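To start, the structure itself, in C-alpha cells.
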Amino acid sequence: MNFSWPSILLYTCCAGSLLAISGCDQLPGKPKESDRWIAPDAIKDFKQLFGTNCSACHGDDAAIGPSLSVQNPFYLAIVPKDVLKKLIAEGVKGTAMPGFAKANGGDLADEQIDILVNNLAGKAATQQTSGSGKTSSENLPPYSASPGDTDRGSEAYNQYCAGCHGQAGNGGKKAGSIVDPDYLHLVSDQYLRSIIIAGRPELGMPNYQEFVKNHPMSPEDIANVVAWLASHRHGASEANAAVSPTATVSSQ
Amino acid sequence: MMSTLRTVALWLERRLHLTKLWNQTAGHPVPASTGSWFYTFGSMTLTCFCIQILTGIFLAMSYVPSAAESYHSLELLNYSIPLGWVLRGIHYWGSTCMVIVMMLHMTQVFLWGAYKYPRELTWISGCILLFVTLGLAFSGQVMRFDTDAYWGVGIGASVAGRIPIIGEALVHILLGGPIIGSDALSRFFSLHVFILPGALLAFVSLHLRLVLGKGINEQPKPGVLVKRETYDKHYSEIIKREGVPFVPAAINKDIVANGILILVIVGLALFVGPNGPGTPADPTIQIADAKPDTPFLWLFACAALLPNGSEPWLFFVFPLVASLLLFLLPFITNEGEKHWRRRPVAVAIVILSYLGIGLLTYEAITGPWSPQMDAWSGLPIKAEYVKGRTPLELQGAVVFQDMQCRNCHAIAGEGGHRGPDLTQVATRMTNPQLVRQVIQGGGNMPAFGKNLSPEQTRALVAYLCSLHPPNVPPAREAVGVLKPIGETQPTPSPTPGNVAVRGEK
C-alpha cells in the first residue's frame, strides 16, 4: 500500500479535526453551568443566599461584619428558630435590619428564608454536639427577657463591663463608648442583650461567661445591664426607640 | 471518461461562457504591486461575511425570535445542542472581526488614497457597507435579548427618536409599539436575517463590480498625483506594464491572511467562547450591568462621559456630520497626492480616530459607571476596616451598608466605583464636610438628608471619620471646631460623630 505525502497530510488533518471536535467540550470557551443566569428566586444554596443577603453586615466564615455575627455559636444556641425566621422576614423596626421577605419589600421567597433558618439552626446543633458544652442551650440564659433594674444594672455594668468600656460606659482603653445615645438609638434592647450574651469574639469582646473569670453573668445581671444601657437613650423615659419582634414571639 | 467530462465542460462553457466570466472576474489583471499584505483586508471582510451567513443559517435553525423563547433557545445552543456554543462563538467573533477588519480595510483605502478619482462610488458603496455591517452587529446584539440587548434597543430607539420629524414614527416602526417586547424582537430579527444581509449582498455586488470595473488601486508613489484628465491612461499603462491576473498571481497573500483570520475567529470561539446570554431582558431586574457589544463600546463611553445636555450633539449632530464627511470624502479631495507620506492631515485623522475609538473603548470596558447593586448586602467590609471601631462607628458601618452607600463607594477597592473610594476618606474630609456631603449630596451623589435620621448620620459619619491609616491623622477644620448657629452651650470636643447635625434637630 502506497502512502503519498498529500494523503498522509489529508489523513492527519482529518484525524486532527476529529480529535479537536471531540475535545471541544473540554475547551475553555464552552459556557459553564456556573455562568448560567439563575433567577434570584431560584437560588437554593445556603452559602450563596447568605453571601448575597447577609454577609455584608453579619460577616461570614472569612469576613467580619460590623453587626453581630449570626454564626456566633452562643447566638445560634439561644435564638429560637421561629424568632430567627421572623427577624429575617420582617427585619427589626427602628434598626438597620431590613425585612427580606417579599411581603416586606425584600427579595427573598419564603422557601429561601427557610433555607437560611434551617441551615443556621443546623449549624447551632452541630456546634452544640461538637463543642465543649459551653453553648449547650440548657446552661444558657434565655434569648429574650423583659428589661431588669437600672440601678442594679449599673452595679453589674461596673463589675462585668467597665474594664473595657470605662467606668461610666463612655469608652475605655479597649473599647469605645457603649452609652452613646446615637448608638443606643440605632440598636434594639434585644440586640444589646444578644451581644452581651454572645460577645463579639471576632472583635475581641468576650461572651457573658468570660467577662469575669469563672463568674458568668446571671440572667438577671444581663437584663439589668440592658436596662441600664437603655436608660442612656435619647428620651429613654419614653417608649423604646427600637421595638424588637421578639416582644411578640418570645418563646422563653 | 476524460472525453465525456470534456464534452460536458464544453457544453457548459458554450452556454455559460465561464472562461469569459473567469477572465473578467477572478482572472482580471491587477497591478503586480497590489499583491501586498495591505490589500488583504477587503477579502478578509468578505470572508467574515461568508462565515456570518453560514453560521447564521445554522443558528436560525435553533433560534426562536420571540421574547418569551429566544433566551431559552440560546441557552439550548449554549448548554444542550452539541457544539451549539461553538456555532454561537464563531458567529459572535466573526461579527466582531468583520467590523475590525472592515475598519482596517477602510483605513488602508483612506491612507492609500484609493477613494480618489475614479473610485468615488467604490468608496461610497463601501461606506454603505460599513453602516449595513454596523446595523447587522447592532441587530445581532438584539437577538440575544438579554439585558445588554434590551437597554441597547432602548438607547438605539431614543437615538432614532432624536431625528426630526420622522423620529417618532421611526421608533414606532422599529419597536412595533411603545415597549420593547416580542414585536420589537421580530422586527430586529427581520432586519438581521433578511433586510440587512440582503442589502449587504446587493452592495457587496456593487462594490465588487466597481472594484472590477475601475481596477484595484495601484500602490501609490509619493509625488505621483491623480488627475482626472490623465489617470485612466496612467492606470491602463500600469496594467499593461505590470498587470498580472488576480488569480493565481496576486491572491496568495489573501489566501494566507484569510486562513489566519479563520483560525483567529475559530480560536476565539473555542477558547473565549460565545457572548452571553446574560441577565434576561427584564427591566425589573436591578442587578444588570448592561453594556453594548465591542463595536459600540466607544459610543457607550461617549454617552457616559459627555456632560449633561450634550446628547443632541453626540446622538444627532455628530453622526450626521461624520456620515456626511465620510460619504463626501471622495469629492472633498478628488485629485492630487495619494501616498500617505505626503498627506499628513490624513495620517493625523487616522491616528486621532484610532486613539479616540481605542481609548473610549478601553474606558467603556474598564469604566465604573454602573453601581454594584448587590454590594450593600453581599460584600463584607474587610476586617481591618471593622476592627478597633467603637460601637457607634460599627453601627455607622451598618448604616453604610444598609443605605447602600457601598453600591457606589468602595472600601479598600471593593464595592461600587461610581463614587470615590472611601478607604481613606477621613484624611481628606472633616466631620462637618462629611455631614454636609451625606445630607446634601452633590457632585453626582444624591442627597441622603431625608433618608437618614440624625443618629444614623452621626453614626455613619463617625464610621467614615475612622477611615484613615493609623499613621495619617484625620483631616481637621482650618478654623477650629465649628459651632452650630444659635447654640450657646460649649461645643463638645470634635471626636468623631458628635459635632454633626445638631442644627437639624
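Take peptide B:371-381, look around each residue's Cβ out to 10 angstrom, count Cβ atoms belonging to other protein chains, and average those counts. So the per-residue partner count for this stretch is 5.
Neighbouring Cβ atoms from other chains, within 10 Å of the Cβ of residues in B:71-80, number 2 on average. The largest accessible area among B:Ile180, B:Ile287 belongs to the first residue in B:Ile287, B:Ile180, and the rest follow in falling order (1.4 Å probe, all chains). Within the accessible surface of the range B:2-366, defined with a 1.4 Å probe on protein heavy atoms only, the carbon and sulfur portion equals 72 percent.
Ligands, DNA and RNA excluded, the heavy atoms of B:Phe318 present near 100 Å² of accessible surface to a 1.4 Å solvent probe. In a reduced charge model with +1 at each Lys and Arg Cβ and -1 at each Asp and Glu Cβ, chain B shows a dipole moment near 1380 debye about its Cα centre.
Extension gain, B:Lys221 to B:Arg6: 0.36 nm times the residue separation minus the Cα-Cα distance gives 72.8 nm. Amide H to amide H distances under 5 Å link B:Val244 with B:Val30, B:Ala32, where only residues 5 or more positions off or on other chains count and H is placed in the peptide plane.
The local environment of B:Gln395, defined by Cβ-Cβ distances under 11 Å, has a net charge of -3 under the rule Lys, Arg +1 and Asp, Glu -1. Once the C-beta distance of B:Phe38 and B:Trp313 is scaled by a Förster radius of 45 Å, the resulting FRET efficiency is 0.80 to the nearest 0.05. Structural descriptor for the range B:244-363: relative contact order 33 percent, calculated from alpha carbon pairs under 8 angstrom and at least 6 residues apart. Pairs exceeding 32 Å between alpha-carbon atoms, taken from A:Lys93/A:Lys213; A:Lys93/A:Lys123; A:Lys44/A:Lys93: A:Lys93/A:Lys213.
Measure off 7 Å from each Cα along the Cα-to-Cβ vector at B:Ala26 and A:Lys173, then give the distance between these two points in nanometres to one decimal. Going from the B:Ala26 label point to the A:Lys173 one covers 9.2 nm. Distance between the 7 Å Cα→Cβ label points at A:Leu10 and A:Asn214: 9.4 nm. From its DSSP helices (H runs of at least four residues, each -39,500 (n - 2.57)), the protein assembly as shown gives a residue-normalised ellipticity at 222 nm of -16000 deg cm²/dmol.
At a threshold of 8 angstrom on Cα-Cα distance, excluding pairs fewer than six apart, so keeping six or more, what relative contact order does chain B reach in percent? It comes to 17 percent, rounded to a whole number.
Applying 1/(1 + (r/R0)^6) with r as the Cβ-Cβ distance of A:Asp41 and A:Lys93 and R0 = 30 angstrom yields a FRET efficiency of 0.70. Per residue, the protein assembly as shown exposes an accessible area of 51 Å² to a 1.4 Å probe, with every protein chain left in place. Projecting the Cα atoms of B:Gly278, B:Leu111, B:Ser323 onto the charge dipole of the protein assembly as shown, computed from C-beta unit charges around the Cα centre, puts B:Leu111 farthest toward the positive end.
For the range A:38-130, the square roots of the Cα gyration tensor eigenvalues, ordered a ≥ b ≥ c, give a/c below 1.5, which places it in the rounded category. For B:Arg15 and B:Ala60, what does the FRET efficiency come to when R0 = 30 Å and r is the distance between their Cβ atoms, rounded to the nearest 0.05? Efficiency, rounded to the nearest 0.05: 0.30.
Accessible area per residue (1.4 Å probe, heavy atoms of protein chains only) ranks B:Met2, B:Met44 as B:Met2, B:Met44, with the largest value leading. Within 10 Å of the Cβ of each residue in B:397-408, the mean number of Cβ atoms contributed by other protein chains is 4.
Rolling a 1.4 Å probe over the protein chains gives A:Lys85 an accessible area of about 80 Å². Between B:Pro454, B:Phe203, B:Gly135, the Cα set farthest toward the positive side of the dipole of chain B (charges on each charged residue's Cβ, about the Cα centre) is that of B:Phe203. Residue order by solvent-accessible surface for A:Asp35, A:Asp221, B:Asp254 is A:Asp35, A:Asp221, B:Asp254, largest first, with ligands and nucleic acids left out and a 1.4 Å probe.
Tell me whether the protein assembly as shown comes out rounded, prolate or oblate; compute the Cα gyration tensor, take square roots of the eigenvalues as a ≥ b ≥ c, and use a/c under 1.5 as the rounded threshold. Note, shape of the protein assembly as shown comes out prolate.
3J(HN,Hα) couplings calculated from phi for the range B:331-347 with the Karplus curve 6.51 cos²θ - 1.76 cosθ + 1.60 (θ = phi - 60°) are, in sequence order, 8, 6, 10, 8, 10, x, 5, 10, 6, 5, 5, 9, 10, x, 5, 4, 5 Hz; Gly and Pro show x. For the range B:138-204, a/c is not less than 1.5, where a ≥ b ≥ c are the root eigenvalues of the C-alpha gyration tensor, and a/b does not top b/c. That puts it in the oblate class.
Short-range pairs are left out: with C-alpha atoms under 8 Å and at least six residues apart, the relative contact order of the range A:47-178 is 16 percent. Chains B and A together bury some 3300 Å² of accessible area, summed over both sides, with a 1.4 Å probe. Distance between the 7 Å Cα→Cβ label points at B:Ser323 and A:His234: 5.9 nm. Computed packing ranks the peptides B:134-142, B:276-284 as B:134-142, B:276-284, most packed first, by mean other Cβ atoms within 10 Å. Of the residues B:Leu314, B:Val472, B:Pro344, the one whose Cα sits farthest toward the positive end of the charge dipole of chain B, with +1 on the Cβ of Lys and Arg and -1 on the Cβ of Asp and Glu, is B:Pro344. Ligands, DNA and RNA excluded, the heavy atoms of B:Ile51 present near 30 Å² of accessible surface to a 1.4 Å solvent probe. Here the dipole of the protein assembly as shown is about 2800 debye; that uses its Cα centre as origin and unit charges on the Cβ of Lys and Arg (positive) and Asp and Glu (negative).
The values are calculated or read from the model by the stated rules, or taken from the named source; none is laboratory data. Just so you know, these numbers come straight off a predicted model, no measurement behind them. Here Cβ is always computed from backbone atoms with ideal geometry, including for glycine, and neighbour counts include all displayed protein chains. Heads up: the accessible areas ignore ligands, DNA and RNA and are worked out on the full protein's heavy atoms, side chains in. Shrake-Rupley method; radii C 1.70, N 1.55, O 1.52, S 1.80 Å.
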